[in-house]
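S.K.: Take a look at the following structure, please.
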Amino acid sequence: MKTYKPTIGLEIHAELATRTKMFCDSPNDPFNSKPNDNVCPVCMGHPGTLPVINKKAVMHVLRVGIALGSEIADFSEFDRKNYFYPDIPKGYQISQYEHPLVSGGELARVKITRVHLEEDTASSNHDDGDYSLIDFNRAGVPLMELVTEPVIHSAEQAGNFGRELQLLLRTLGVSEANMEKGEMRVEANISVASTEQTTMKEFGAKVEVKNLNSFKSVEKAVAYEILRQTALLESGEKIEQETRGWDDAKGKTVSQRKKEDSHDYRYFPDPDLPKLKISEIPEFSSVNLKKTMPELPWEKRKRYQKLGLKPTDVHIYVSIPEVGAFFESVTALMSKKESILLSSNYISSDILGLIKKKFGEGKESEISKLSFVPKEFAKLILLIEKKIISSRAAKDILTVMFESGGDPEIIAREKDLIQKSDTDTIEKIAEEVINENQKVAEDYKRGKQASLQFLIGQGMKKSKGSANPEVLKTTIISLLS
């Protein structure tokens, strides 16, 4: 039996966050509830109208290129991509072909071919196959397209690349990149060939899969297509170059049309738009663009790892900006590494646990609406470190702060949770615990160490977490000696 190697390349579109559309002054608001409201003669392709390049959109793409370590073009231009679909009002789409803004680069160990800028199409709404309606609010919205090299070899790698790109776009502030809204759209080009072919740098026929509206769908579609193409090759059949759609309900790809080649679109430079000489525009210089760059996701991961944070915590802080921002605000008030690590433990387990209990799974971003501020949380951590309160009491105080806010020290005093270390009070608690748990006490005397931990736990419970656990431990041992 032959062995087969899948090769995958991705084409990812992302709507850019600008005030207006790509070539006109219509608002960039494709989700307007009123259809065909954000339109004008330019984006509707009326005769005699002239497009004007959106400088902000160009800057967004260049900043993505800087982040990817790509080559920024000195010369670029826009082309007309000719095809006739109902969602293209002009009969062509303004895109880039020969001279993209960005070439090369790498993300998540995947090499990038190019990143270029174009305008989005209108959105089509189909009514059970009887008729279709077109909403042109989306037509002309700035659209970034990123194309990877065919260097991805698994469904998991394809999904992870998409997630990392989404995180980068959000970090840069160039796109919200919500897949469920269509702000980010992934198309996967998949080919399968025997290892004999791939050794000779020959790939199988390329199949493009569309309609991928989540990263899970990307992974499922790629995995399905690898199995489908492998089965065809095993049976001696030929794989045709085509475009297929992903049917999420059925969990399979379905044929849509034969795949076009670039010459089918009859690209040529748009005569209505000026050529771009990037070096002649000060805002587009690499030096100035780098000044606008925030800390990038992989830079943030590296910094967190150096702090010694748990890998799961690092993932949370990098992938969920609201949680990361809260963590940063808290740790900015701390000077010791130990304080930062303790804070992280309480944020990732206790605070997020309370949020999950109240708001449900996947609602970590609600941390931005907490009833207390980072300074109050930092004070809670300080109370733990100074042993003014116990870790058990801290959890109870945090619950009160989560529900109604407040100063942690005041809550501790009101709830009688200030840690007690005076021997008389603790000795009384220890005696009560031993008297109420005679069998456990005898087990400890016979050498069962776990019994001691049980007795300490009962003492902490009796004191509502206010007893100093070390003093309590010493007292119980002394009483049982």
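Every read-out reported here was derived from the displayed coordinates using simple, explicitly stated rules and does not represent laboratory data. This structure is a prediction, so every number in the text was calculated from the model and none was measured. We place every Cβ from the backbone using ideal geometry, glycine too, and count neighbours over all the protein chains shown.
S.K.: What are the ³J(HN,Hα) values, in whole Hz, obtained from phi via the Karplus relation 6.51 cos²θ - 1.76 cosθ + 1.60 with θ = phi - 60°, for each residue of the range 426-441 in sequence order, with x given for Gly and Pro?
M.R.: Whole-Hz 3J(HN,Hα) from phi for the range 426-441: 6, 5, 5, 5, 4, 4, 4, 5, 5, 5, 7, 9, 4, 4, 5, 4.
S.K.: I need the chymotrypsin sites (Phe, Trp or Tyr not before Pro) found in the range 1-96, filtered to DSSP loop residues with at most 16 other beta carbons within 10 Å of theirs.
M.R.: Filter output for the range 1-96: PHE31, TYR83, PHE84.
S.K.: Now for a separate question. Among CYS24, CYS43, which comes first, second and so on when ranked by fewest other beta-carbon atoms within 10 Å?
M.R.: Working: CYS24 22, CYS43 28.
Going from least to most buried by this count: CYS24, CYS43.
S.K.: Considering only DSSP states other than H, G, I, E and B, which GluC sites (Glu not before Pro) in the range 216-265 qualify as loop sites with at most 16 other Cβ atoms within 10 Å? Show your work: numbers first, answer last.
M.R.: Details: sites: GLU219, GLU225, GLU234, GLU237, GLU240, GLU242, GLU260; in loops: GLU237, GLU240, GLU260.
Those satisfying the criteria are GLU237, GLU240, GLU260.
S.K.: Answer with one residue from PRO274, THR148, ILE316: the one whose Cα lies farthest towards the positive end of the charge dipole of the chain, charges on Cβ with Lys, Arg +1 and Asp, Glu -1.
M.R.: ILE316
S.K.: Would you mind checking the tilt of helix 469-480 against the longest principal axis of the Cα atoms of the chain, expressed as 0 to 90 degrees and rounded to 10?
M.R.: 40 degrees
S.K.: Which listed residue (LEU133, LEU165, MET179) has the Cα farthest towards the positive end of the charge dipole for the range 108-241, taking +1 on Lys and Arg C-beta and -1 on Asp and Glu C-beta about the Cα centre?
M.R.: Of LEU133, LEU165, MET179, it is LEU165.
S.K.: Which of ALA108, TYR304, SER191 sits farthest toward the positive end of the charge dipole of the chain, with +1 on the Cβ of Lys and Arg and -1 on the Cβ of Asp and Glu?
M.R.: So the residue furthest toward the plus end is TYR304.
S.K.: So if I place +1 on the C-beta of Lys and Arg and -1 on the C-beta of Asp and Glu, and nothing else carries charge, what would the dipole magnitude of the range 123-252 be about its Cα centre? I want it in debye, nearest 20.
M.R.: Details: 15 positive and 23 negative charges, 53 e Å.
Computed charge dipole of the range 123-252: roughly 260 debye.
S.K.: Nothing charged except the Cβ atoms of Lys and Arg (+1) and of Asp and Glu (-1): what's the magnitude of the dipole of the range 215-358 about its Cα centre? Round to the nearest 20 debye. Display every interim value, and only then the final one.
M.R.: On the way: 26 positive and 22 negative charges, 131 e Å.
It works out to roughly 620 debye.
S.K.: Where nothing but the Cβ of Lys and Arg (+1) and of Asp and Glu (-1) is charged, how large is the charge dipole of the chain around its Cα centre, in debye to the nearest 20? Don't skip to the end; give the middle numbers.
M.R.: Values: 68 positive and 72 negative charges, 338 e Å.
Charge dipole of the chain: 1620 debye, to the nearest 20.
S.K.: Can you list the lysines whose alpha carbon is less than 16 Å from that of LYS302, not counting same-chain residues fewer than 8 positions off?
M.R.: Output for LYS302: LYS310, LYS337.
S.K.: Please list, ordered by chain and number, the residues whose modelled amide H lies under 5 Å from the amide H of ALA467; skip anything fewer than 5 residues away on the same chain.
M.R.: Long-range HN contacts for ALA467: LYS420.
S.K.: Using only the Cα atoms of the range 1-146, build the gyration tensor, take square roots of its eigenvalues as a ≥ b ≥ c, and label the shape rounded, prolate or oblate: rounded if a/c is under 1.5, else prolate if a/b is larger than b/c, else oblate.
M.R.: Values: a/c = 2.07, a/b = 1.33, b/c = 1.55.
Verdict is oblate for the range 1-146.
S.K.: Sticking with this structure for a sec: Please identify the GluC sites (Glu not before Pro) of the range 104-204 that satisfy two criteria: DSSP loop assignment and at most 14 other Cβ atoms within 10 Å. Which are they? Working shown, then result.
M.R.: On the way: sites: GLU106, GLU118, GLU119, GLU145, GLU156, GLU164, GLU176, GLU180, GLU183, GLU187, GLU196, GLU202; in loops: GLU176, GLU183, GLU202.
Here the sparse-neighbourhood loop sites are GLU202.
S.K.: Using the alpha-carbon centroid of each, what span in Å lies between the range 129-151 and the range 166-225?
M.R.: Cα centroid of the range 129-151 versus Cα centroid of the range 166-225: 15 Å apart.
S.K.: Okay, moving on. Between helix 155-172 and the chain, what is the angle of the helix's C-alpha long axis to the longest principal axis, kept within 0 to 90° and rounded to the nearest 10?
M.R.: Orientation of helix 155-172: about 80 degrees from the principal axis.
S.K.: Per residue of the range 354-361, what does 6.51 cos²θ - 1.76 cosθ + 1.60 with θ = phi - 60° give for ³J(HN,Hα)? Whole Hz please, x for Gly and Pro, Karplus curve as stated.
M.R.: Per-residue couplings from phi come out as 5, 5, 4, 5, 7, 9, x, 5 Hz.
S.K.: Does anyone have the angle between helix 215-234 and the longest principal axis of the chain? Alpha-carbon axes, 0 to 90°, nearest 10?
M.R.: Tilt relative to the chain: about 60 degrees.
S.K.: Next question, about the same structure. If you wrap a convex hull around the alpha carbons of the chain, what volume per residue comes out, as a whole number of Å³?
M.R.: On the way: hull volume 109.6 nm³, N = 481.
Considering the Cα atoms of the chain, their hull volume per residue is 228 Å³.
S.K.: Sticking with this structure for a sec: Which ³J(HN,Hα) values, rounded to whole Hz and listed in residue order, are derived for the range 81-88 from phi using the Karplus coefficients 6.51, -1.76 and 1.60 in 6.51 cos²θ - 1.76 cosθ + 1.60 with θ = phi - 60°, glycine and proline given as x?
M.R.: 9, 8, 7, 10, 10, x, 8, 10
S.K.: Post the alpha-carbon centroid distance, the range 33-85 to the range 301-346, in whole angstrom.
M.R.: 39 Å
S.K.: What lysines does LYS369 reach when the alpha-carbon gap must be under 18 Å and sequence neighbours fewer than 8 apart in one chain are set aside?
M.R.: Straight-distance partners of LYS369: LYS356, LYS357, LYS358.
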